[in-house]
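One structure below.
The values are calculated or read from the model by the stated rules, or taken from the named source; none is laboratory data. Quick caveat: nothing in here was measured; it's all calculated off a predicted structure. A quick note on method: Cβ atoms are made from the backbone with ideal geometry, for glycine too, and the neighbour counts reach across all protein chains shown. For the accessible areas, the whole protein counts, side chains as well, though only heavy atoms, and no ligand, DNA or RNA atoms are used. Shrake-Rupley method; radii C 1.70, N 1.55, O 1.52, S 1.80 Å.
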Amino acid sequence: MEKAPGSPSVQGSYPQKTAGILSSQYGINLFLAGLVLTFAWAVHAVGISKSHLLSYLITLMLVQLLWMLWYLCRSCTQRRLIREKDTHAGARWLKCGITLFAVITLILDSFKIGYYVDFSNCLSAAEGIFPVTHAIHTILQVYFLWCHAKDIIQSFKTLERFGVIHSVFTNLLLWTNGVLTESKHQLNEHKERLITLGFGNITIVLDDHAPQCNCTTTTLCSIFSQGIYYLYPFNIEYHILASTMLYVLWKNIGRKVEHHQQHKTPFKFHGITVGMIFGLIVLISTIAKVVVYLIQIGRSKNKSELALTMFYLHAISVLALMCTAGIVALLIYRLEDRSLDNSKNPARKLDAELLVGTAAGSWLLSWGSILAIICAQAHPKYTWYNLPYSILVIVEKYIQNLFIIESIHRKEEKVNDDIKTLRIVTISRGSTLSLTPSYKEIYNGRATGDEGELPYLLNGSICARENDAAKEEASQANCPAMHSAPELSFYSRNSVANHKRRILKNIAAFLFLCNLSLWIPPAFGCRPEYDNGLEEIVFGFEPWIIVVNLAMPFSIFYRMHSAASLFEVNCKT
């Protein structure tokens, strides 16, 4: 029966829908205001200094701290109430990952505090208050996510929507600030390298925001200033992970969930040795490549060209292996007949959207490189390796996205109740039956001897247990010792399924380590999109640098997010 227009359910849902729209618009405007302020500081706009930007960020963090404290206090007073939880949100491995990044972020904050102390004569007070506020914000936020990432909020829903969305966009602005600061540092280094590659026609103007005074302790200042930029990649990942977890919490406000138990899927090293070995080989070789690249690039033209050639050859090999592994996994999925889980799941939906959305960043860079190679009049030898590299980047992410999205949407294999109660009877000539208790008997605490009426299924016939010895011998005589065709077929299917599962787990483990490996080079300054110089000639220096600075953060995040998703796939398989 249809509900009347003025029914309570409709009246109750309308204000919540309105609250969701209003809170999202509040968050977007909060973010856009901060984005404009960040851009104004980056381009040295008149009347805008770094202290203005930091003051805005400090205010946002303080508001979020007040909201989190209020939420935690309210949760403590209602801790005896049974609350609904989203079992798919805030996985333990995700919490461990964000904790690791948060610890490194706290080290970054301590470096910033030390940097401020050394340059305190010419830095604003906001630059000293910011790292202290950020450290407190980080500690409380990680505690909040550990305790409440799975919550489905059903009270004070309008207020909570604004509090959570405020937290989401605060973290996004902190992520943007970190990306911009790190990109400006990388850009300065890149401009200095271009001269060594022979691109003297590009104007080199360093964008410097360094303090205009002397450091009190030169050695410490050097450690702090250099260490800060090596720690920024972890800070960037921390804030984007926090914003995604908080976004899922926002989507879950007022949600009605189906009460079904989710099976825990712990990570196990058993059965993934091959994938781990090949993945570790890729990881170790990537670290070695990054070290050599950073040492050689910018030293001389020959050394820079050799470093770029080495980068492309290694990346082409890794991407080709990843494409092959992904294709094998998709072929295995095509051979299986298993339905997809289409139930409502905000965390899973966000994972899929982020995979495709952030992959667009590296696709943009790859298509730009392909067009530059086609249109350029002069082609240094190393630039030809850029063509297969760019093509493989596009293809590999296309294949990997298909594999991950299908994996997280596949229903978990459920064991049939008939198989659970099956007991294998081993019969040898002239010996008694060896009985194995069923799963249900053990679960219910019943001994094997208590269920004389439960038959044993063997060779497609029923061999009922009898208390009389003569009947038992007759039963043994009637049940042949050899396995029949249906039984062999069952074991064969089981063996094939286990073999496929082992292959998929090894592929997921291999791709997990490969994505971690491919996250390292761009995160720590190994960026051939900056250094090969061909794109700057075709598109112009400033336009191409803008494209790289916009697309690179998404490309870096894609690799870390893919690694996290593949870890989940490995646990689920």
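Under the classification rounded if a/c is under 1.5, otherwise prolate if a/b is larger than b/c and oblate if not, where does segment 287-362 fall, given a ≥ b ≥ c as square roots of the Cα gyration tensor eigenvalues?
Prolate is the answer for segment 287-362, as a/c is 1.5 or above and a/b outweighs b/c.
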Item to check | Stretch gain in nm, segment Thr158-Arg299, where the contour uses 0.36 nm per residue and the Cα spacing is subtracted | outcome: 44.9 nm
Checklist entry - Could you give the length gained on full extension between Leu140 and Thr219, defined as 0.36 nm per residue of separation minus the Cα-Cα distance, in nm? => result 25.2 nm
Checklist entry - Label points 7 Å out from Cα along the Cβ direction at Ser24 and His44: separation in nm? => result 4.1 nm
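Once you have the Cα-Cα distance between Gln377 and Ser120, take 0.36 nm times their residue separation minus that, and quote the gain in nm to one decimal.
On the way: separation 257, 0.36 × 257 = 92.52 nm, distance 5.10 nm.
Result: 87.4 nm gained on full extension.
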Item to check | Leu220 - accessible surface, heavy atoms, 1.4 Å probe, Å² rounded to 10 | outcome: 80 Å²
Checklist outcome for this item: Listed by chain and number, the residues whose amide H is under 5 Å from that of Arg410, excluding neighbours fewer than 5 places away on the same chain and using placed H, are Asp341
Checklist entry - Probe 1.4 Å, all protein chains in place: accessible area of Trp544 in Å², nearest 10? => result 10 Å²
Checklist entry - Applying 1/(1 + (r/R0)^6) with R0 = 30 Å to the Cβ-Cβ distance of Glu336 and Thr77, what FRET efficiency is obtained, to the nearest 0.05? => result 0.05
Checklist entry - Tell me, what is the 1.4 Å probe accessible area of Cys76, in Å² to the nearest 10? => result 70 Å²
Checklist entry - For segment 508-547, what class follows from the C-alpha gyration tensor (a ≥ b ≥ c being the square roots of its eigenvalues): rounded when a/c is under 1.5, otherwise prolate if a/b is larger than b/c, else oblate? => result prolate
Next on the checklist: Among the listed pairs Lys150/Lys184; Lys184/Lys505; Lys85/Lys397; Lys289/Lys397; Lys112/Lys157, which have their C-alpha atoms separated by more than 30 angstrom in this model?
Outcome noted: Lys150/Lys184; Lys184/Lys505; Lys85/Lys397; Lys112/Lys157
Item to check | Separation between Cα centres of segment 501-551 and segment 115-133, rounded to whole Å | outcome: 34 Å
